[in-house]
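The values are calculated or read from the model by the stated rules, or taken from the named source; none is laboratory data. Treat the numbers as computed from the prediction; the structure is a model and nothing was measured. Counting neighbours? That spans all protein chains shown, and the Cβs are built from the backbone with ideal geometry, glycine included.
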Amino acid sequence: MGKFYERVARPWFFRMDSEHAHEVGVRMMSRFGSIAPARRALEAWNGMPRRVRPIEVFGLKFPNAVGLAAGFDKNGEAWPAAAAMGFGHVEIGTVTALAQPGNPKPRVFRYPAHEAVINRMGFNNEGAEAVAKRLARLPRPGQRAIPLGINLGKSKVTELERAAEDYLTSFSHLADYADYLALNVSSPNTPNLRQLQDESRLRELLATITCANRERAERKPGARVPILLKIAPDLTWGQIDAVLGVIAEYALDGIIATNTTLARPGFFATVDEAGGLSGAPLRRRSTEIVNFISRATHGRLPIIAVGGIMDATAAAEKLDAGATLVQIYTGMIYRGPFFAAQVARGLADRQRPPGTA
């Protein structure tokens, strides 16, 4: 399937505008996900062998280490097909409290020679209430083949001083449908969003969300949702230390490292396109940050690693650096819809009990 994609399907997709190709991919995945017999058959085909143990973290079981990163399925339309493609979890969004169109087009740019993408989408989505209504018609937590994460961001029109309230609105709509929630404070494409990584602002946001999560669990035992924070790769080591301190203070369940970068290494120094850079150029920096977090927290804070995973070797590098799970997106653009299954198979030995073949 990988060779077919690279020789036939990818050239067809790459003749399209980048964002249109993405929309076609979402529609195709959504339609396939609605065909239950075909979906279940492919889930069995791409699933892990029975001798492979699931990964247990955040109180959840993941059949393999490879997830679909936020940004692909922004409105929760396509995720039911993710397990059939070999994913061990999927993260939808980013979802904001208010519906918004995102930034002006064009806003997605491929660089095939460098296996990279620059995007400045700007959290285009239908809004938390609409996404919640869609999820209400689909399997709930505990009924799914794989865990579903929901990535939350700030609405563009919401002032920074009211960010916590904005995230809380999304939390209130979507917590019932999430196996875990990710707070995205690191996209470079919403003005001032990354300021929420500053210690004082982050403390306010986490205090608000963790309090709401605690009250929710008090009303309904067992209803607490794991909360993760997604950070930028452009933070300094001191800034990351400060973020980790706030995470520890509010007992978050994990961290996602990292989002796209504003850095422009090598060839990209001459590229005049605003937005976040993803793909192969991000590999080294994201791995360094994963390793830093793992060492700083003595391996006690679960890490989902994202950035530059273009093959199983790059994924294994993230796990060796201290990650528990990995996520891909740009790699799927260049490697095809069953890239997750390829990577998961490449990592399968890490999930086998000692002494099994």
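Summary of computed values
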read-out: Residue in region 72-87 that is free of Cβ contacts under 8 Å to residues at least 40 places away in the same chain and of a type in the set (D, E, K, R) present; value: no
read-out: In region 150-172, the residues that are in contact (Cβ under 8 Å) with a residue 60 or more places away in the chain and either of a type in the set (Gly, Ala, Ser) or surrounded by fewer than 21 Cβ atoms within 10 Å (Cβ to Cβ) (or both); value: Gly153, Lys156, Thr158, Thr169, Ser170
read-out: First in region 268-293 and under 9 Å from Gly308 (Cα atoms) and modelled with pLDDT of 95 or more, second anywhere and surrounded by fewer than 18 Cβ atoms within 10 Å (Cβ to Cβ) and not hydrophobic (A, V, I, L, M, F, W, C), Cβ under 6 Å, 6 or more apart; value: Pro281/Pro265
read-out: Residue in region 235-254 that is farthest from Ser200 (Cα to Cα), counting only those that are part of a helix (DSSP H, G or I) and of a type outside the set (A, V, I, L, M); value: Trp237
read-out: Single residue of region 103-149 satisfying the filter (in contact with a Gly (Cβ under 6 Å, 6 or more places away or on another chain) and free of Cβ contacts under 8 Å to residues at least 60 places away in the same chain) that is surrounded by the fewest Cβ atoms within 10 Å (Cβ to Cβ); value: Arg134
read-out: All positions within region 250-263 that are surrounded by 14 or more Cβ atoms within 10 Å (Cβ to Cβ) and either closer than 21 Å to Arg224 by Cα or more than 22 Å from the chain's Cα centre (by Cα) (or both); value: Tyr250, Leu252, Asp253, Gly254, Ile255, Ile256
read-out: Residue within region 228-236 that is among the hydrophobic types (A, V, I, L, M, F, W, C), farther than 25 Å from Ala128 by Cα, surrounded by 13 or more Cβ atoms within 10 Å (Cβ to Cβ) and modelled with pLDDT of 95 or more present; value: yes
read-out: Residues (farther than 19 Å from Leu138 by Cα and not in a loop (DSSP other than H, G, I, E, B)) located in region 65-93; value: Val66, Gly67
read-out: Search result, residues across region 17-46 that are over 22 Å from Ala70 (Cα atoms) and surrounded by 13 or more Cβ atoms within 10 Å (Cβ to Cβ); value: Ile35, Ala38, Arg40, Leu42
read-out: Segments classed as strands (runs of 3 or more DSSP E), wholly inside region 116-190, with at least 3 members that are closer than 21 Å to Pro80 by Cβ; value: 148-152, 180-184
